[in-house]
1. On the given criteria, is Val161 within 14 Å of the chain's Cα centre (by Cα), more than 17 Å from Cys33 (Cβ to Cβ) and surrounded by 15 or more Cβ atoms within 10 Å (Cβ to Cβ)?
2. Would you pick out the residues in region 168-188 that are in a loop (DSSP other than H, G, I, E, B) and hydroxyl-bearing (Ser, Thr, Tyr)?
3. Does any residue in region 175-190 that is among the hydroxyl-bearing types (Ser, Thr, Tyr) come within less than 6 Å, Cβ to Cβ, of a residue that is buried (at least 16 other Cβ atoms within 10 Å of the Cβ) and part of a helix (DSSP H, G or I) six or more places away or on a different chain, and which pairs are these?
4. Considering only residues that are among the polar types (S, T, N, Q) and surrounded by 11 or more Cβ atoms within 10 Å (Cβ to Cβ), which ones fall in region 99-128?
5. Can you name the helices (runs of 4 or more DSSP H) wholly within region 23-128 that have at least 3 residues being more than 18 Å from the chain's Cα centre (by Cα)?
6. Could you list all residues from region 57-74 that are among the hydrophobic types (A, V, I, L, M, F, W, C), under 18 Å from Leu19 (Cα atoms) and at pLDDT 85 or above?
7. With respect to Phe141, determine if the residue is outside any helix (DSSP H, G or I) and surrounded by 12 or more Cβ atoms within 10 Å (Cβ to Cβ).
Amino acid sequence: MFDYFFAQYKGYPLHEVYLELVAVFFGLWSVWCAKKDNIWVFPTGLVSTSIYAYLLWQWSLLGDSMINVYYFIMSIYGWYHWTRKKGDVDEFPVSVTTNKEKVMSVVIFILTLIFVIIVYLYFDKFTSWYSYVDTLLTAIFFVGMWLMAKRKIENWIFWIVGDLLSIPLYFAKGYTFTSFQYIVFTIIAVYGYLEWKKILNSSQNLELRQL
């Protein structure tokens, strides 16, 4: 059983195994903070995404590598966005997407898909089903990260779908630790959605009482 899950690591450079473990640890910490609507989601995410951007490029998962570069940039934006306040009140609390933001989400999805396809064609990397799944995942996660930075509850739906698709992808590629990470990500994302839903309902009820 151990060999089935971890035998592929025998051929990996030792530093990549250690880096993957560190990235997994900070990635799980980051998603847990996101679930709690905690600002630490961003600094922990910066550590994880910077490591994964390097590793995924080494593993020829170009789309996922670009996802993590994008995560890094959006984490900086989200960190700033979440800290903005009006007095003691968050200027941008948990909320639902507006119609304009839904349109923007579709635009981000389509443009990301086109961009990643061009990159894969340029580097001639459409060599297996991994590449096609990776392309789709990039678009899904780009939208999810943008919505999370905007503190929109729908971000969890994109994370759940993307995480579920990532589990078999990374396992099939031989990155067992990362595959296990996405199993945990999926579970946390479900609870994250439920917890943000409670936060949203609580804030809406408070607004109604103040009317």
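1. yes
2. If the condition is that a residue be in a loop (DSSP other than H, G, I, E, B) and hydroxyl-bearing (Ser, Thr, Tyr), then Tyr175 is the only one that fits.
3. As it stands, the answer is Thr178/Tyr170; Ser179/Ile167; Ser179/Tyr170; Ser179/Phe171; Tyr182/Asp163; Tyr182/Ser166; Tyr182/Ile167; Thr186/Asp163, since those pairs meet every condition given.
4. Hits for region 99-128 are Ser105, Thr112, Ser128.
5. Filter on region 23-128 gives 99-122.
6. Selection gives Trp57, Val69, Phe72.
7. Taking the combined requirement at face value, the residue does not satisfy it.
Rundown of residues vs (1) among the aliphatic types (A, V, I, L, M); (2) touching a Gly at 6+ places or on another chain (Cβ under 9 Å), yes/no style:
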residue	(1), (2)
Leu46	yes, no
Tyr54	no, no
Ser65	no, no
Phe92	no, no
Asn99	no, no
Phe115	no, no
Trp129	no, no
Asp134	no, yes
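The values are calculated or read from the model by the stated rules, or taken from the named source; none is laboratory data. Note that the coordinates shown come from a computational prediction; the quantities given were computed from them, not determined experimentally. Note that we place each Cβ from the backbone using ideal geometry, even for glycine, and neighbour counts take in every protein chain shown.
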